[in-house]
Amino acid sequence: MIRTEKLVKSFPAPTGEPKRAVNEVSFEVRAGEVYGLLGPNGAGKTTTLRMISGLLRPTAGRVFIDHRDVTDEPEQVKQRIGYLTANTGLYVRLSVSEFLHYFATLYGMDRAQARARIGALAERLRLTEFMELRCGALSTGQRQRTNIARALLADPPILVLDEPTLGLDVLSNRIMLEFIRTQAEAGRAILLSTHALDEIEAMCRRIGLIHSGRMIAEGTLDELRRQSGRERLSDVFLELVGAHEPVFAD
């Protein structure tokens, strides 16, 4: 479970007045669901995800991961989260197998545990055909599948995914989405941020809409449709952020 309470993050600004990138954002992600975090570029989504994952310290407010406060118990919390972004780096000189075994060692696994866990993930994520390739030679889809295997090595109960399908081809995209769905069915709490509205619509039980650092709407798709008076998710989004007027008028 993820819970944020009036989460705030401010950064210094040239004017001297700190800019609030995230402004009192509160929401909850429950076990067994995919929660979609939606918003335009610069809305504060990635900053929110980084605070949840313990990579940024909140200016104010609190984040709880399975009832543990991220600020008070950062190391314990990080062990319970698999965090993945579209641009997470790999060690380009290592093979996929070497890369995953290295991280398994960091997680404290012995050789037998590491071999079993990596083998299971390689099969489920279809990594076997390129396990001995160097990470620097992988395609975008192969890199992203390798990274999600790394994020899942310690079998965390929570996944935080920031644009996990960005730049993927059709096959890799399908593999990634199917895997996310199976992880929710297995009871993981999954926080998904993406600009792909069709993925949000297909995958997410509930949706939170962030705009200018604030959570301006939250609920199921049907609830957001009723709130906005629109049917398509793209129109719901534009209506709720106040951008429904045509860009080019006659």
Within the range 149-193, track down each residue that is farther than 24 Å from Gln79 by Cα and under 14 Å from the mean Cα position of the chain (by Cα).
Leu166
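Being closer than 24 Å to Thr48 by Cα and assigned to a loop (DSSP other than H, G, I, E, B): is that true of Gly167 here?
It is true that Gly167 is closer than 24 Å to Thr48 by Cα and assigned to a loop (DSSP other than H, G, I, E, B).
Scanning the range 118-128 for residues that are open to solvent by 50 Å² or more (accessible area, probe 1.4 Å) and in contact with a helix residue (DSSP H, G or I) (Cβ under 9 Å, 6 or more places away or on another chain), which turns out farthest from Leu171 (Cα to Cα)?
Just the residues of the range 118-128 that are open to solvent by 50 Å² or more (accessible area, probe 1.4 Å), to begin with: 123-124, 126, 128.
Filter again for in contact with a helix residue (DSSP H, G or I) (Cβ under 9 Å, 6 or more places away or on another chain), leaving 124, 126, 128.
Numbers: Arg124: 14, Arg126: 11, Thr128: 16 Å.
Among those that are open to solvent by 50 Å² or more (accessible area, probe 1.4 Å) and in contact with a helix residue (DSSP H, G or I) (Cβ under 9 Å, 6 or more places away or on another chain), it is Thr128.
Kindly indicate the residue of the range 158-182 that is of a type in the set (Ser, Thr, Tyr) and surrounded by fewer than 21 Cβ atoms within 10 Å (Cβ to Cβ) and also modelled with the highest pLDDT among those meeting that condition. Don't jump to the end; show me each part of the working.
Filtering the range 158-182 down to residues of a type in the set (Ser, Thr, Tyr) leaves 165, 172, 182.
Cutting the leftovers down to surrounded by fewer than 21 Cβ atoms within 10 Å (Cβ to Cβ) gives us 172, 182.
Numbers: Ser172: 81, Thr182: 90.
So the residue we want is Thr182.
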Within the range 21-34, which residues are open to solvent by 20 Å² or more (accessible area, probe 1.4 Å), touching a Lys or Arg at 6+ places or on another chain (Cβ under 6 Å) and under 24 Å from Ala186 (Cα atoms)?
Glu28
Name the single residue that is surrounded by the most Cβ atoms within 10 Å (Cβ to Cβ) among those in the range 88-98 being assigned to a loop (DSSP other than H, G, I, E, B) and in contact (Cβ under 8 Å) with a residue 12 or more places away in the chain.
Leu90
Consider Leu37 carefully, then state whether it is of a type outside the set (Gly, Ala, Ser) and either in contact with a His (Cβ under 7 Å, 6 or more places away or on another chain) or open to solvent by less than 60 Å² (accessible area, probe 1.4 Å) (or both).
yes
Within the range 211-221, can one find any residue that is crowded, with 19+ Cβ neighbours inside 10 Å and in contact with a Cys (Cβ under 7 Å, 6 or more places away or on another chain)?
no
In the range 2-17, what residues are in contact (Cβ under 8 Å) with a residue 24 or more places away in the chain, at negative phi and over 13 Å from the mean Cα position of the chain (by Cα)?
Arg3, Thr4, Glu5, Leu7, Val8, Lys9, Ser10
Residue pairs qualifying under the 7 Å Cβ cut-off, at least six apart or on distinct chains, with the first in the range 33-47 being outside any loop (DSSP other than H, G, I, E, B) and the second being among the aromatic types (Phe, Trp, Tyr) and open to solvent by 10 Å² or more (accessible area, probe 1.4 Å), are Leu38/Phe237
Given (1) of a type in the set (D, E, K, R); (2) outside any loop (DSSP other than H, G, I, E, B); (3) modelled with pLDDT under 90, number of the condition Glu245 does not satisfy
(2)
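What number of residues within the range 55-79 are surrounded by fewer than 20 Cβ atoms within 10 Å (Cβ to Cβ) and touching a residue at least 12 places away in the same chain (Cβ under 8 Å)? First the steps, then the outcome.
From the range 55-79, those surrounded by fewer than 20 Cβ atoms within 10 Å (Cβ to Cβ) are 55-57, 59-62, 64, 66-69, 71-76, 78-79; that's our starting set.
If we keep only those that are touching a residue at least 12 places away in the same chain (Cβ under 8 Å) as well, we get 55-57, 59-62, 64, 66-68, 71, 74, 78-79.
Count: 15.
Restricting attention to the range 99-114, and to residues there that are in contact with a helix residue (DSSP H, G or I) (Cβ under 8 Å, 6 or more places away or on another chain) and surrounded by fewer than 20 Cβ atoms within 10 Å (Cβ to Cβ), which single residue is nearest to Thr165 (Cα to Cα)?
Step one: of the range 99-114, the residues in contact with a helix residue (DSSP H, G or I) (Cβ under 8 Å, 6 or more places away or on another chain) are 99-101, 103-105, 109, 113-114.
Then drop every residue that is not surrounded by fewer than 20 Cβ atoms within 10 Å (Cβ to Cβ), which leaves 101, 103, 105, 109, 113-114.
Numbers: His101: 24, Phe103: 22, Thr105: 27, Met109: 29, Gln113: 29, Ala114: 26 Å.
My answer is Phe103.
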Qualifying positions in the range 175-223 - of a type in the set (Asp, Glu) and in contact with a Phe, Trp or Tyr (Cβ under 9 Å, 6 or more places away or on another chain):
Glu218
So for the range 13-30 (the condition being part of a helix (DSSP H, G or I) and closer than 26 Å to Leu233 by Cα), does at least one residue qualify?
no
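The values are calculated or read from the model by the stated rules, or taken from the named source; none is laboratory data. Model, not experiment: these values are computed from the prediction. Because the Cβ atoms are built from the backbone with ideal geometry, glycine has one as well, and the counts that use them run over all protein chains shown. All accessible areas refer to the heavy atoms of the entire protein, side chains included, with ligands and DNA or RNA removed. Shrake-Rupley method; radii C 1.70, N 1.55, O 1.52, S 1.80 Å.
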